[in-house]
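Visitor: One structure coming up, written as structure tokens, with questions to follow.
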Amino acid sequence: MSGLHLRGVVLPDGGEPRDLWVVNGRIRTNPVPGATTVSDGGYLVPGLVDAHCHVGLGPRGVVDLPEAVDQALTDRRAGTLLIRDCGSPLDTRPLQERLDLPRIIRAGRHLARPKRYIKYLGVEIEDPADLPSAVAEQVAAGDGWVKLVGDWIDRGTGDLAPLWTADALTEAIKVAHENKARVTAHVFGEDALPALLDAGIDCIEHGTGLTDDTIDRMARAGTALVPTLINIENFPSIAAGADKYPAYQSHMRHLHARNAETIAKAVEAGVPVYAGTDAGGGIEHGRIVDEVKALHGVGMTPVQALGAASWAAREWLGFPSLTEGAAADVVVYDADPREDLDALRHPKLVMLRGRIHS
């Protein structure tokens, strides 16, 4: 039986170097006679995860499939081998058929209200009562996730405001759960969070408006948070262009100013936090290491921050790490990323589905 052989310190276990073998794209933990050694030494990390990414979306809106392929390849070169695509106006199912591209978990399209999100990106729903049926459609179109726009600027009031009624959210999330799908929501401000949590939402994106109360609720319920820290760095420039809406402008600046403290509180409280870059709009693809370092900067240990973009995120999304029978999605580093997260910028070997990409 032919196969490939890797030896090194296997994370998250650590300890002494050990051996892994790969046959037909799967990890084997018992020796495979005749296997070719492709890596000897270093640190073997389960393929990195970008848990908030938009393949198919660019700064000017939807891109074509060739550009979407380039985006995915950029992520792969950074070691990202699993992507939770948090809403895309492009049908990226053709990319899932390519063995050289990261695995993509698709959430279909954003669900929003008219004039309450970025134009042309989402499905706009006139009547909030229609949200449950729209969720059912996106469940059928996606891969077990649905993305809601939880809040956005209301130009009538001049500030962030929730998009949905509590009843619509409760019924919509019930529909998703009955169909074995999870729901996440874009939320910047404070006011949309209680109804989303009441309805049993599975994840919050950004979470800049979290309070002590909503953090405690998320921790007790096990509701995940993907804070997209490198994207929140754009809040001052967003505010600078919002002179027509001074309340919104001030609110965005306030959310930005306290964000490090907000996310640090969530980490300390035990909220499950995962790494996501929000690549595809104002954020370039391939920046997962920047997000990992940002998570460390708000209180995660290096091991926690790395896990949030590797083994912990993979488990959350239903993908095992480097265990018997798991997919051979491995990134090898010469230096220990637990000691220096910048080591993640220099993959020695990227293996996706058992195929090597240097």
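Visitor: Go through Val49, Val62, Val32, Val38 for me and flag whichever is open to solvent by 20 Å² or more (accessible area, probe 1.4 Å) and in contact with a Gly (Cβ under 9 Å, 6 or more places away or on another chain).
Guide: Going through Val49, Val62, Val32, Val38 in turn, the sole match is Val62.
Visitor: Would you mind stating whether Leu73 is surrounded by 15 or more Cβ atoms within 10 Å (Cβ to Cβ), modelled with pLDDT of 95 or more and in a strand (DSSP E or B)?
Guide: No: the conditions fail for Leu73.
Visitor: Please enumerate the residues belonging to the range 219-237 that are out of contact with any Pro (no Cβ under 9 Å at 6 or more places or on another chain), touching a residue at least 40 places away in the same chain (Cβ under 8 Å) and either outside any loop (DSSP other than H, G, I, E, B) or charged (D, E, K, R) (or both).
Guide: Matches in the range 219-237: Val226, Leu229, Ile230, Asn231.
Visitor: Failed condition for Ala68, given (1) part of a loop (DSSP other than H, G, I, E, B); (2) open to solvent by less than 10 Å² (accessible area, probe 1.4 Å); (3) out of contact with any strand residue (DSSP E or B) (no Cβ under 8 Å at 6 or more places or on another chain), with all others met?
Guide: (1)
Visitor: Would you be able to say whether some residue in the range 52-60 is basic (Lys, Arg), part of a loop (DSSP other than H, G, I, E, B) and either under 25 Å from Leu225 (Cα atoms) or without any contact (Cβ under 8 Å) to a residue 40 or more places away in the chain (or both)?
Guide: yes
Visitor: Quick one: would you say Ala176 is open to solvent by less than 10 Å² (accessible area, probe 1.4 Å), without any contact (Cβ under 8 Å) to a residue 60 or more places away in the chain and either over 28 Å from Glu233 (Cβ atoms) or of a type in the set (Lys, Arg) (or both)?
Guide: Considered against the rule, which asks whether it is open to solvent by less than 10 Å² (accessible area, probe 1.4 Å), without any contact (Cβ under 8 Å) to a residue 60 or more places away in the chain and either over 28 Å from Glu233 (Cβ atoms) or of a type in the set (Lys, Arg) (or both), Ala176 comes out as yes.
Visitor: Still on this structure, I have one more. Have a look at Lys115, Lys147, Lys119 and point out the one that is of a type in the set (Lys, Arg) and not in a loop (DSSP other than H, G, I, E, B).
Guide: Step by step, each of Lys115, Lys147, Lys119 is checked, and only Lys147 is of a type in the set (Lys, Arg) and not in a loop (DSSP other than H, G, I, E, B).
Visitor: Something else now. Would you check which residues across the range 191-218 are surrounded by fewer than 16 Cβ atoms within 10 Å (Cβ to Cβ) and part of a helix (DSSP H, G or I) and list them?
Guide: Within the range 191-218, Pro194, Asp198, Asp212, Asp213 qualify.
Visitor: Ile83 passes all but one of (1) touching a Lys or Arg at 6+ places or on another chain (Cβ under 9 Å); (2) of a type in the set (A, V, I, L, M); (3) part of a loop (DSSP other than H, G, I, E, B); which number fails?
Guide: Of everything listed in (1) touching a Lys or Arg at 6+ places or on another chain (Cβ under 9 Å); (2) of a type in the set (A, V, I, L, M); (3) part of a loop (DSSP other than H, G, I, E, B), Ile83 misses just condition (3).
Visitor: Right, another one. Quick one: which helices (runs of 4 or more DSSP H) sit completely within the range 243-317 and have at least 2 residues that are among the charged types (D, E, K, R) and open to solvent by 50 Å² or more (accessible area, probe 1.4 Å)?
Guide: 259-269
Listed here are the residues, each with its yes/no results for (1) in contact with a Lys or Arg (Cβ under 8 Å, 6 or more places away or on another chain); (2) touching a residue at least 12 places away in the same chain (Cβ under 8 Å).
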residue	(1), (2)
Ser2	no, yes
Asp13	no, no
Asp19	yes, yes
Arg26	no, yes
Leu44	no, yes
Leu48	no, yes
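Visitor: In this structure, is Gly87 open to solvent by less than 10 Å² (accessible area, probe 1.4 Å) and under 30 Å from Ile118 (Cα atoms)?
Guide: yes
Visitor: Now a separate question. Of the residues Trp152, Trp164, only one is surrounded by 21 or more Cβ atoms within 10 Å (Cβ to Cβ) and in a loop (DSSP other than H, G, I, E, B); which?
Guide: Only one candidate qualifies: Trp164.
Visitor: On to the next question. Please pick out the residue among Val23, Val62, Val32, Val49 that is touching a Ser or Thr at 6+ places or on another chain (Cβ under 9 Å), of a type outside the set (Asp, Glu) and at pLDDT below 95.
Guide: Just a single option satisfies the conditions, and that option is Val62.
Visitor: Going through the range 135-170 one residue at a time, which ones are within 16 Å of Arg182 (Cβ to Cβ) and in contact with a strand residue (DSSP E or B) (Cβ under 7 Å, 6 or more places away or on another chain)?
Guide: Those that are within 16 Å of Arg182 (Cβ to Cβ) and in contact with a strand residue (DSSP E or B) (Cβ under 7 Å, 6 or more places away or on another chain): Val135, Gln138, Val139, Gly142, Asp143, Gly144, Trp145, Val146, Lys147, Leu148, Gly150.
Visitor: List the number of the failed condition for Gly280; all other conditions in (1) within 27 Å of Leu121 (Cα to Cα); (2) out of contact with any Cys (no Cβ under 8 Å at 6 or more places or on another chain) hold.
Guide: Of everything listed in (1) within 27 Å of Leu121 (Cα to Cα); (2) out of contact with any Cys (no Cβ under 8 Å at 6 or more places or on another chain), Gly280 misses just condition (2).
The values are calculated or read from the model by the stated rules, or taken from the named source; none is laboratory data. On a predicted model such as this, the values are computed, not experimentally measured, just so you know. So basically every Cβ, Gly included, is an ideal-geometry build from the backbone, and we count neighbours across all protein chains shown. What goes into the accessible areas is simple: the full protein's heavy atoms, side chains included, and nothing from ligands, DNA or RNA. Shrake-Rupley method; radii C 1.70, N 1.55, O 1.52, S 1.80 Å.
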